[in-house]
Amino acid sequence: MNLRPPIGELQALLGAEAVSQDPGELLHWGRDWTRIYAAAPWAVCWPRSTAEVAAVLRWCHARGVPVVPSGGRTGLAGGAMATAGELVLSLDRLRYLGPVDVLNRSVAVGAGVPNQVLQEHCAPHGLWWPVDLAAKGTATIGGNLATNAGGLRVVRYGHARNWLLGLEAVGADGQIISELRALHKDNSGPDLRQLLVGSEGTLAVVTAATLQLAPLPGPTAVALLACPSMQAVLEVLAQAHTLKLELHAFEVFSDLCLSHVLARTGLPQPLQARLPFYALVELGLDPAGSAHQPPAGARMERWLERLLTDRTAADGTLAVDHRAAQKLWAYRERITESLQPWTPRKNDISVPVSRLAEFVVELQRWLDHSRPGWQVALFGHVGDGNLHINALRPEGMAMVEFQQACDLADEALYQLVARFGGSMSAEHGIGLVKKRWLPLFRSKAELQALGALKHALDPAGILNPGKVLS
Ligand code: MLT
Ligand code: ZN
């Protein structure tokens with residue numbers, strides 16, 4: 001049993017309505033989307049400003065209370081799980097939305113602003129925050145930065161860290177250790193902001209950010225193609241790169257994913273042919289074309305015909321208007337919720353794009369051998385070499401037995417990933433779920449340096465204890 005100071009002290013700091021120990025609230029705010037661990041926080045609080053976050057952290061530091069910083073809680077690695085009597089520090093009320101600086105192409109926002117709200121705020125100015133996640137309605141800017149979120153358009157825009165100008169963050173002892181700036185260029189020494197990005201709340205708590213904005217994307221077209229193999233999917237990617245059209249997204253999902261999406265959503269079958277893999281390709285359309293080039297839509301149509309003729313794809317469809325494109329995107333975006341009832345073990349790996357086909361062949365061989373009869377759903381961001389390998393819990397298998405089997409299998413899977421020069425966490429982070437495998441992918445010296453950094457910034461170890469680094 002953890003001893004905690006009287007809750008009244010925290011209520012005195014924030015007001016009684018900003019602190020709760022209600023069991024329903026503890027369950028809701030104490031967990032993310034991993035659903036592997038039981039939520040068991042001591043309390044949850046909702047500060048309204050950076051000054052209040054600082055006050056809470058000062059108090060936690062003085063009292064030795066462990067803190068789990070919490071954003072939209074859509075994470076899949078357990079980074080926002082409170083499992084051991086921690087205080088959940090929710091950034092939900094930090095919803096400041098600054099004016100859009102059109103000339104500087106930037107905006108300052110609070111950590112609790114959801115991606116979609118930010119995108120709607122910037123759209124009237126012809127600008128947007130290009131970290132585009134399937135969970136954009138719930139995921140927040142603070143969480144995006146704490147985990148260096150990627151999403152559906154990394155192939156075009158990169159990760160959250162690429163769009164960060166200034167970061168406001170509060171350190172473990174309540175001091176503001178990084179401040180908001182709005183500079184495109186700032187080479188005044190090492191970049192503390194970028195060290196905090198992706199640290200999953202273990203080094204400091206992100207309270208606000210100045211974000212760089214991209215121009216709102218122009219018209220795009222989306223193609224969905226049924227392909228016989230990952231090799232064929234990569235051939236589509238190689239050709240997409242040569243089209244002289246901007247590649248906005250290149251996603252893949254397996255036929256098993258499609259079956260689950262169809263069963264869960266009732267959406268109609270998108271193509272007549274059912275093949276092992278589907279590639280979803282989004283390309284920018286330059287509306288006018290040029291004297292030497294037919295318009296982009298026509299070029300895409302011809303390309304699709306070619307892919308079908310040379311049998312790189314067995315079936316395909318093209319959407320050139322927004323509504324039709326959204327319908328095709330739904331088959332990809334609704335995979336996560338469709339697999340959720342099977343409480344999947346989510347492996348989120350990456351290998352160099354050029355080695356992906358070879359990796360998938362080896363993966364399949366290993367799956368056939370080590371998980372015979374299991375449903376393993378593959379999908380992800382092929383343009384980035386990022387594959388989500390979701391093992392679904394076999395019907396009737398107890399959760400504990402499933403987790404043990406997955407833990408055993410992960411060892412071999414990550415050895416395979418390491419052999420391909422890959423990463424065990426392409427975008428979901430480390431959290432609780434992946435921590436034990438870190439030594440396979442980061443050298444001893446690297447882990448020592450990171451440990452020293454953690455110790456320097458959080459000597460009492462109160463920030464998200466047990467996550468990422470021990
Ligand atoms: C996605 O690509 O849809 C997300 O990473 C979520 C997931 O892996 O389930
Ligand atoms: Zn993903």
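Using the alpha-carbon atoms, what tilt in degrees (0 to 90, nearest 10) does helix 399-419 show relative to the longest principal axis of the chain? So the helix axis and the longest Cα principal axis differ by about 70 degrees. Relative contact order, whole percent, for region 313-452 stands at 27, derived from Cα pairs under 8 Å and 6 or more residues apart. In this structure the amide hydrogen of residue 248, modeled in the peptide plane, comes within under 5 Å of the amide hydrogens of 282, 283, 284, none closer than 5 places in sequence on its chain.
Taken along its principal axes, the alpha carbon cloud of the chain reaches lengths of 71, 56, 45 Å, longest axis first. Residues whose amide H comes within less than 5 Å of that of residue 153, counting only those at least five positions distant or on another chain, are 132 (H built at 1.01 Å from N in the peptide plane). On full extension, the segment bounded by residue 183 and residue 11 gains 58.1 nm, given 0.36 nm per residue less the C-alpha separation. All other residues whose Cβ lies under 14 angstrom from that of residue 402 are scored, Lys and Arg at +1 and Asp and Glu at -1, for a net of +1. Exposure proxy shown here: for 336, 207, the number of other Cβ atoms within 10 Å sets the order, fewest to most, as 336, 207. Between region 64-81 and region 386-428, what is the C-alpha centre distance in whole Å? The distance from the Cα centre of region 64-81 to that of region 386-428 comes to 22 Å. Relative to the longest principal axis of the Cα atoms of the chain, helix 255-265 runs at roughly 70 degrees. The string of couplings for region 178-188 from the Karplus curve (6.51, -1.76, 1.60, θ = phi - 60°) is 8, 10, 6, 10, 10, 9, 6, 10, 7, 10, 7 Hz, one whole number per residue in order, with x for Gly and Pro.
Each Cα pair under 8 Å and six or more residues apart adds its separation to the average, and for the chain the resulting relative contact order is 16 percent.
Axis angle, to the nearest 10 degrees, between helix 50-63 and the longest C-alpha principal axis of the chain: 60 degrees.
For region 367-380, backbone phi angles converted through the Karplus equation (6.51, -1.76, 1.60; θ = phi - 60°) give residue-by-residue couplings of 5, 4, 7, 9, 10, x, x, 7, 8, 10, 9, 10, 7, x Hz, Gly and Pro being listed as x. The DSSP beta bridges internal to the chain are antiparallel in roughly 85% of cases. Our summary gives region 371-464 a relative contact order of 15 percent, counting only alpha carbon pairs under 8 angstrom and 6 or more residues apart. Annotation: aspartates and glutamates with alpha-carbon distance below 18 angstrom to residue 327 (same-chain offsets under eight excluded): 132, 251, 255, 282, 315, 337.
Mind giving me the FRET efficiency for residue 63 and residue 309? R0 is 60 Å, r the Cβ-Cβ distance, nearest 0.05 is fine. Efficiency computed from Cβ-Cβ geometry: 0.30.
Between residue 267 and residue 446, the contour length at 0.36 nm per residue exceeds the alpha carbon distance by 59.7 nm. Label sites at residue 51 and residue 411, each approximated as a point 7 angstrom past Cα along Cα to Cβ, lie 5.4 nm apart.
For the residue pairs 136/244; 244/467; 185/346; 185/435; 244/435; 244/444, alpha carbon separations beyond 32 Å are given by 244/467; 185/346; 185/435; 244/435; 244/444. Legend: P(r) of region 346-470 from all alpha carbon pair distances, 10 Å bins from 0, whole percents, reading 11, 39, 31, 15, 3.
Bear in mind these aren't lab numbers, they're just calculated from the coordinates by the rules spelled out. This structure is a prediction, so every number in the text was calculated from the model and none was measured. Positions of Cβ are generated from backbone atoms using ideal geometry, with glycine treated the same way; all protein chains shown enter the neighbour counts.
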